[in-house]
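S.K.: Sharing a structure below in structure tokens format, with a few things to ask.
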Amino acid sequence: ASVFPPPFPNGWFMICKSEDLANGEVKEIVAFGRAYALYRTFPADTDSQRRTTHVANKHLGLAHMVEAYCPHLGANLGVAGEVSPSTNCLKCKFHGWEFDGDGKVVRVAGTDVVPNANIKKVYHVCETNGMIHLWHDSEDGAPKWDLVHREEINSTDYYLAAESLAFVNCHIQEIPENGADVAHLNVLHKDLVGDWAPNFLAFHGWSATWAVDQLKPHITNMKVFEDIKAWNSYTVPFASVQVEIHQIGPGLVTLDFHTPIGTLILHQCVLPEKVTTQRVRHVLYASSTVPRPIAKLILWAVHEQFNRDVPIWCTKRFEPKPTVSKADGPLMAFRRWYQQFYEASSVSFADALAQETMIDW
């Protein structure tokens with residue numbers, strides 16, 4: 001365990017889609033080895049003054065995320081919480097304690113005397129691009145960067161085409177590191193998805209570049225060109241795709257597919273639920289010129305390629321000082337870049353694993 005990086009890097013992480021949290025709804029969320037309560041208030045006149053996020057549906061209230069446990073007797077607010085329609089506060093159904101958006105107790109059932117108490121931790125939430133994100137920080141600090149709002153996603157020119165969900169048992173760094181490992185593309189991902197043709201007849205051809213963004217150092221940019229070649233050299237017409245990939249912090253990736261029939265925007269969102277349990281969601285938006293069946297086919301192909309990596313991630317050993325070759329390209333540069341998301345205060349892999357296996361009561 002001592003060779004592994006910390007399991008929970010700092011950054012923005014996608015919790016759920018905006019449409020998955022209705023007004024007045026409360027959900028328990030498990031992430032970073034702990035429990036949270038995620039809830040959405042009912043729309044209020046003051047929301048426009050408080051909202052610092054981009055929500056296309058103006059009929060939605062504000063999303064909040066707090067530590068799951070009530071400071072009174074420890075009820076899990078993700079399970080035993082509700083949003084009071086009269087006060088728009090998070091209410092514990094155990095004893096009727098109510099908390100405002102800052103986690104402060106504002107009302108207690110059966111008494112006019114309100115204790116000076118707060119939910120222990122209130123977290124930074126950003127809602128944009130049709131998704132709710134949580135800022136995770138080992139020192140509970142404020143967000144160090146803002147998420148990029150994609151206007152096109154919230155316009156009528158694009159639609160939500162498809163999505164998928166997977167759970168991968170590995171360290172979180174393995175998944176984004178895979179993108180910078182350009183050497184494996186023409187090996188593991190050479191065969192056509194579906195295995196409908198042997199690679200001596202037709203195969204994927206890949207070329208890629210990788211670089212850290214000079215203006216936003218928490219972002220890396222890749223350009224990937226993929227085509228299908230037949231009989232070793234013939235490029236199949238209309239089968240080429242150019243993909244712009246942006247790794248945004250430790251757990252968010254956007255992939256812009258530029259095709260002859262339109263653009264698709266794929267979000268790959270990795271959330272460490274536990275030390276070695278990664279929840280991976282793919283959310284695909286497509287321009288109106290792309291037929292839905294084609295968009296679904298593209299996500300299916302992405303997921304088929306993704307599934308080729310999964311058994312390797314789940315069974316490989318992390319090599320802190322790998323023996324590299326010239327073919328490995330920017331792999332070690334990626335590791336140096338990714339280190340910025342760990343702090344001296346980040347819980348170690350061994351300590352997080354020990355805490356995870358303890359009985360929490």
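S.K.: Just to check, using Stokes-Einstein with a Kirkwood Rh over alpha carbon pairs, what's the diffusion coefficient of region 248-306 at 4 °C and 1.567 mPa s in µm²/s?
M.R.: Once the numbers are plugged in, D ends up at 104 µm²/s.
S.K.: Ok, one more. Just to be sure I understand: if I project the alpha-carbon convex hull of region 70-122 onto a plane and average over all orientations, what area do I get in nm²?
M.R.: Seen from a random direction, the Cα hull of region 70-122 projects 3.4 nm² on average.
S.K.: Largest first and in whole Å, give the semi-axes of the chain's equivalent ellipsoid, each being the square root of 5 times a Cα gyration tensor eigenvalue.
M.R.: Computed over the chain, the values are 40, 25, 17 Å.
S.K.: Determine which lysines satisfy two conditions relative to residue 216: a Cα distance under 23 Å, and not lying fewer than 8 residues away in the same chain.
M.R.: The qualifying lysines are 144.
S.K.: Report residue 275's accessible area, 1.4 Å probe, all protein chains in place, as a number in Å² to the nearest 10.
M.R.: 0 Å²
S.K.: Could you pull the Cα extents of region 310-349 along its three principal axes, largest to smallest, in whole Å?
M.R.: 34, 24, 17
S.K.: Gaussian network model of the chain, Cα springs within a sub-10 Å range: biggest mean-square fluctuation belongs to which of 273, 139, 67?
M.R.: 139
S.K.: Determine the relative contact order of the chain: mean sequence separation of Cα pairs under 8 Å and six or more apart, normalised by residue count, in whole percent.
M.R.: Computed value for the chain: 20 percent relative contact order.
S.K.: Can you give the accessible area per residue of the chain, in Å², using a 1.4 Å probe?
M.R.: The answer is 49 Å² per residue.
S.K.: Out of 283, 79, 187, any idea which swings most in a Gaussian network model of the chain, alpha carbons joined below 10 Å?
M.R.: Of the options given, 187 has the highest mean-square fluctuation.
S.K.: Using protein chains only and a probe of 1.4 angstrom, how many square angstrom of residue 108 are accessible, to the nearest 10?
M.R.: 20 Å²
S.K.: May I pose another question? Ranked highest first by the average count of other Cβ atoms within 10 Å around their residues, in what order do 101-107, 177-183 fall?
M.R.: 177-183, 101-107
S.K.: Which value in Å does the Kirkwood hydrodynamic radius of region 77-194 take, with 1/r averaged over all unlike C-alpha pairs and then inverted?
M.R.: By the Kirkwood definition, the hydrodynamic radius is 19.3 Å.
S.K.: While we're on this one: Taking only C-alpha pairs under 8 Å that are 6+ residues apart, what is the relative contact order of region 87-217 in percent?
M.R.: Averaging sequence separation for qualifying contacts and normalising by length gives 10 percent for region 87-217.
S.K.: Might you work out the accessible area of residue 206 for me, using a 1.4 Å probe with all protein chains in place, and round it to the nearest 10 Å²?
M.R.: Taking all protein chains as shown, residue 206 has close to 50 Å².
S.K.: What is the Cα radius of gyration of region 248-361 over 2.2 N^0.38 Å, N being its residue count?
M.R.: 1.37
The values are calculated or read from the model by the stated rules, or taken from the named source; none is laboratory data. Values in this document were obtained by computation on a predicted structure and should not be read as measured data. Positions of Cβ are generated from backbone atoms using ideal geometry, with glycine treated the same way; all protein chains shown enter the neighbour counts. What goes into the accessible areas is simple: the full protein's heavy atoms, side chains included, and nothing from ligands, DNA or RNA. Shrake-Rupley method; radii C 1.70, N 1.55, O 1.52, S 1.80 Å.
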